[in-house]
Amino acid sequence: MVKQLTVISGKGGTGKTTFTSSFAALAENAVIADCDVDAADMHLILQPEISEIHNFFGLDVASINKELCTACGICVSSCRFDAIDSNQVVDTYKCEGCGVCEHVCPEDAVSMIAKKAGEYYCSNTRFGPLVHAKLGIGEEASGKLVSDVRRRASELAEQSGKDLIVIDGPPGTGCAVIAAITGTDLVLVVTEPTKSGVHDLERVVQVAQHFRIPVAVCINKYDINKRLSVSICEYCKDNNIPVLGMLPYDNIVIEAMIAGSSVVEYSGAKFSEGIRSVWNSLVSILFQEEKEDIIRLIQKSEK
Amino acid sequence: MKIAIASGKGGTGKTTVAVNFALAIGDAQLFDCDVEEPNCNLFLGLDLEKQEDVSIAVPEINTEKCSLCGSCVEFCHYNAIAKLPRSVMIFPKLCHGCGGCHIVCPENAISEIKRPIGMIEKGVDPGSGISFFQGTLGIGEPMATPVIRRLQAHMDENKVAVVDSPPGTACPVIATVGEMDYCVLVTEPTPFGLNDLILAVNVVRQLEVPLGVIINRHGSGDDSVEEYCYSENIPILMKIPYDREIAVLYSEGIPFVQRMPQWKEKFRSLYEKICFISSENTSQYSCSGVRNQW
């Protein structure tokens with residue numbers, strides 16, 4: 001059974017991709033999926049060689065045939081998204097592709113058109129396969145693209161006998177995050193000891209719990225505000241969430257990024273040791289249950 | 001004058017800039033459009049009063065009238081309705097509230113009920129005079145855009161509006177930035193910062209909103225962001241240095257203009273700069289009440 005781990009944060013900029021790229025380096029048999037599709041950064045560290053390109057189709061968009069249109073205005077008043085102006089021009093950013101205008105038009109002047117909204121890629125990297133994506137400029141449906149990336153990553157993992165998918169998730173709590181965490185085995189929330197970090201951690205933990213996914217936490221830049229780091233630990237304890245590590249602010253993170261390396265490749269110093277220890281804890285949480293099941297099976301058969 | 005504070009990458013300092021900027025201008029409206037993770041009020045600490053629930057209209061099926069014809073299932077572009085052997089099932093979280101199922105049902109068996117997905121709150125800061133509006137998306141709710149649209153309905157055309165945008169480049173950002181007169185992109189001087197800045201610049205240009213850049217944590221990375229801005233003729237409006245004092249104030253939820261008054265002046269001249277650039281672009285806006293030099 002392929003396990004899935006998603007790294008999220010609620011708040012942006014806490015170090016998701018720093019951690020995930022290091023996990024990619026440490027994982028021995030994993031597929032990596034960059035699901036932060038509207039601001040993807042993993043490729044800057046993993047330097048992928050693209051082997052497959054797939055088109056991504058988002059929501060359909062309404063298109064009005066001006067020759068058939070009599071400007072009756074029924075589509076304008078029927079659209080709940082204010083996507084058609086009084087001159088029967090469709091605002092493609094506002095159109096959500098529902099098809100109501102197509103249905104109500106008495107002249108059959110509206111058609112719904114599939115629109116390419118991005119691409120996703122399968123690539124080879126020095127750490128193994130990476131599935132990543134590029135959402136078209138200003139496109140919607142990033143949750144749908146996240147689902148496509150995850151589906152392809154699962155197929156690749158099955159085909160190539162990988163036992164883990166490591167997913168770099170998007171910030172926030174909305175559709176892209178929900179698409180990135182549903183059905184995974186564990187969510188790691190990377191947080192920081194700032195008021196915003198704590199607030200966003202609590203919201204995103206609620207989202208994960210809403211979908212009944214186990215959560216673990218890691219505190220990055222813990223020394224920026226030790227008092228808040230302590231209160232994060234207390235919050236986690238009260239909610240039975242394991243804290244897998246506390247890492248200090250370290251400029252080595254930016255140095256490694258500029259060098260195009262993951263932190264664990266770039267340096268063996270303390271920060272890297274911290275990431276390794278978080279990784280080892282994650283692996284034991286993810287695979288512990290399975291190990292126990294196997295031991296139980298063996299014991300049973302030996303009896 | 002409506003000014004969005006946005007960024008491709010998260011955690012670059014959008015909220016910091018938005019809050020400090022609004023406090024420095026005073027008598028402005030501040031909108032927290034990062035409805036998935038609204039944080040501005042952590043820095044303002046205002047008592048908020050609920051203005052309204054944000055709801056979308058989702059279908060409700062009258063099982064006595066429903067003939068199980070499947071027209072609604074076939075119509076729904078979001079796969080939010082499924083036909084079972086003896087009933088029709090609705091998946092409210094997939095529903096965008098377009099109303100199409102209600103229109104296509106031949107038995108008139110579908111009515112619509114309001115499903116709350118978030119709320120809008122308001123507070124006033126007596127010290128600075130800013131009025132603050134916050135949108136919050138409910139936990140587990142996928143669709144941020146309807147909340148953002150409702151939030152924007154509270155904009156007063158006669159006031160300066162400072163708008164804290166969500167991160168990224170997808171629909172919540174488009175919904176926020178598309179309606180603005182100017183967009184400030186906050187970035188950090190790192191390869192991730194640059195990569196995501198370029199994505200954001202492309203989006204904002206596509207939306208035809210004039211833009212400028214603020215480099216936050218200046219000095220912590222490399223020069224690639226500045227080189228990019230020069231090569232693309234993008235004005236660098238401000239540089240905020242990497243400074244432990246600012247980082248610690250941020251972590252405690254204290255707007256740094258309150259402790260470092262020199263920054264209040266800098267944010268005021270930022271506003272003048274933006275007004276000047278906008279007036280050059282459109283000759284439509286003027287900075288009433290603010291010195292016209294920078």
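The values are calculated or read from the model by the stated rules, or taken from the named source; none is laboratory data. The model shown is predicted, which means the values in this text are computed figures rather than measured ones. Note that each Cβ is placed from the backbone with ideal geometry, even for glycine, and that neighbours are counted across all protein chains shown.
Selection within the stretch B:80-101: residues that are away from chain A (no Cβ under 11 Å), closer than 24 Å to A:F57 by Cβ and surrounded by fewer than 17 Cβ atoms within 10 Å (Cβ to Cβ). The member of this set that is farthest from the chain's Cα centre (by Cα) is B:A82.
With respect to the conditions (1) free of Cβ contacts under 8 Å to residues at least 60 places away in the same chain; (2) within 12 Å of chain B (Cβ to nearest Cβ); (3) polar (S, T, N, Q), A:S267 lacks only one, and its number is (2). Can you tell me which residue is surrounded by the most Cβ atoms within 10 Å (Cβ to Cβ) among those in the stretch B:220-249 that are part of a loop (DSSP other than H, G, I, E, B) and within 14 Å of chain A (Cβ to nearest Cβ)? Per the stated criteria, the residue is B:G221. Looking across the stretch B:206-215, just one residue is more than 8 Å from chain A (Cβ to nearest Cβ) and without any contact (Cβ under 8 Å) to a residue 24 or more places away in the chain, and that is B:E208. If you go through the stretch A:265-276 and pick out every residue that is buried (at least 20 other Cβ atoms within 10 Å of the Cβ) and in contact with a helix residue (DSSP H, G or I) (Cβ under 7 Å, 6 or more places away or on another chain), you end up with 4.
Here A:D41 meets the list (1) facing chain B (nearest Cβ under 10 Å); (2) loosely packed, with under 14 Cβ neighbours inside 10 Å; (3) more than 30 Å from A:V110 (Cα to Cα) almost entirely, failing just condition (2).
Among the conditions (1) more than 14 Å from the chain's Cα centre (by Cα); (2) in a strand (DSSP E or B), the only one that A:V131 does not satisfy is (1).
Name the residues in the stretch B:250-266 that are within 12 Å of another protein chain (Cβ to nearest Cβ) and in contact with a Ser or Thr (Cβ under 9 Å, 6 or more places away or on another chain), would you?
Of the residues in the stretch B:250-266, the ones within 12 Å of another protein chain (Cβ to nearest Cβ) are B:250-255.
Those that are within 12 Å of another protein chain (Cβ to nearest Cβ) and in contact with a Ser or Thr (Cβ under 9 Å, 6 or more places away or on another chain): B:Y250, B:S251, B:E252, B:G253, B:P255.
Please pick out the residue among B:V225, B:V203 that is assigned by TED's automatic domain parsing to the domain that holds B:A161, touching a residue at least 24 places away in the same chain (Cβ under 8 Å) and more than 22 Å from the chain's Cα centre (by Cα).
None of the other options fit; the residue is B:V225.
Cβ-Cβ distances below 6 Å connect the following pairs, each with a first residue in the stretch A:126-137 that is surrounded by 22 or more Cβ atoms within 10 Å (Cβ to Cβ), a second residue that is of a type in the set (K, R), and a separation of six or more residues or different chains: A:V131/A:R152.
Across the stretch A:136-172, what is the number of residues that are over 11 Å from the mean Cα position of the chain (by Cα) and closer than 24 Å to B:V35 by Cβ? So the answer is 7.
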